[in-house]
Amino acid sequence: MAIDLHNPDASYLGFWRENHVCTLTTPRPDGTPHVVPVGATYDPEGGERGIARVIADKHSRKVSHVLAAGPEGARVALCQVSRARWATLEGRATVRTDPESVADAVARYTERYGRVPRPNPDRVVIEIALTRAMGRV
């Protein structure tokens, strides 16, 4: 079921505020999907059509896959499932390293998951400019 990125309903937004592990799918250099569990946040008011964020170590595979896609970013999918409820956000991912973006992403993660992530001097943010949302919540 398609979700309007400009006006997602309250149940969809609420589902993205609950404490769920997500999966991030990034393309490997050979084009095959790389899927890993992540914590993620969804900001429907960010950017043109919403932004999702994933904090990560700059040495991780997911970060290297996004960087390998070049300045335009990698096409990725971010999903979460809880029993019969599910939601997927798709878009173009880029990596942000500036301290302000990292601090903002950490604060959003802390709010959603109710805990401060461990300190990591190599932390970066995978920022996803959204192009599509789907789900059944």
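The values are calculated or read from the model by the stated rules, or taken from the named source; none is laboratory data. Worth saying up front: this structure is predicted, and the values here are computed from it rather than measured. Positions of Cβ are generated from backbone atoms using ideal geometry, with glycine treated the same way; all protein chains shown enter the neighbour counts. These accessible areas exclude ligands, DNA and RNA; they are computed on the full protein's heavy atoms, side chains included. Shrake-Rupley method; radii C 1.70, N 1.55, O 1.52, S 1.80 Å.
In table form, for the structure just shown:
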| quantity | calculated |
| --- | --- |
| Sole residue being surrounded by 13 or more Cβ atoms within 10 Å (Cβ to Cβ) and acidic (Asp, Glu), chosen from Glu90, Glu100, Glu72 | Glu90 |
| Which listed residue, of Tyr109, Tyr42, is within 15 Å of Tyr12 (Cβ to Cβ) and of a type in the set (Phe, Trp, Tyr) | Tyr42 |
| Filter result for the condition that a residue is at pLDDT 95 or above, among the small types (Gly, Ala, Ser) and within 18 Å of Arg61 (Cβ to Cβ), over Ala103, Ala133, Ala93, Ala107 | Ala93 |
| Residues that are at positive phi and over 14 Å from the mean Cα position of the chain (by Cα), drawn from the stretch 6-49 | Gly31 |
| When residues of the stretch 76-86 are limited to those that are over 23 Å from Arg28 (Cα atoms) and not charged (D, E, K, R), the one farthest from the chain's Cα centre (by Cα) | Ala84 |
| Total residues in the stretch 20-36, condition in contact with a helix residue (DSSP H, G or I) (Cβ under 9 Å, 6 or more places away or on another chain) and loosely packed, with under 11 Cβ neighbours inside 10 Å | 1 |
| Breaking point among (1) surrounded by 16 or more Cβ atoms within 10 Å (Cβ to Cβ); (2) under 14 Å from the mean Cα position of the chain (by Cα); (3) under 22 Å from Tyr12 (Cα atoms), for Val124 | (3) |
| Residues that are buried (at least 17 other Cβ atoms within 10 Å of the Cβ) and without any contact (Cβ under 8 Å) to a residue 24 or more places away in the chain, drawn from the stretch 37-59 | Gly46 |
| Where Val137 falls short, out of the listed (1) out of contact with any helix residue (DSSP H, G or I) (no Cβ under 7 Å at 6 or more places or on another chain); (2) open to solvent by 40 Å² or more (accessible area, probe 1.4 Å) | (1) |
| Residue in the stretch 3-11 that is of a type in the set (Ser, Thr, Tyr) and farther than 18 Å from Gly135 by Cα present | no |
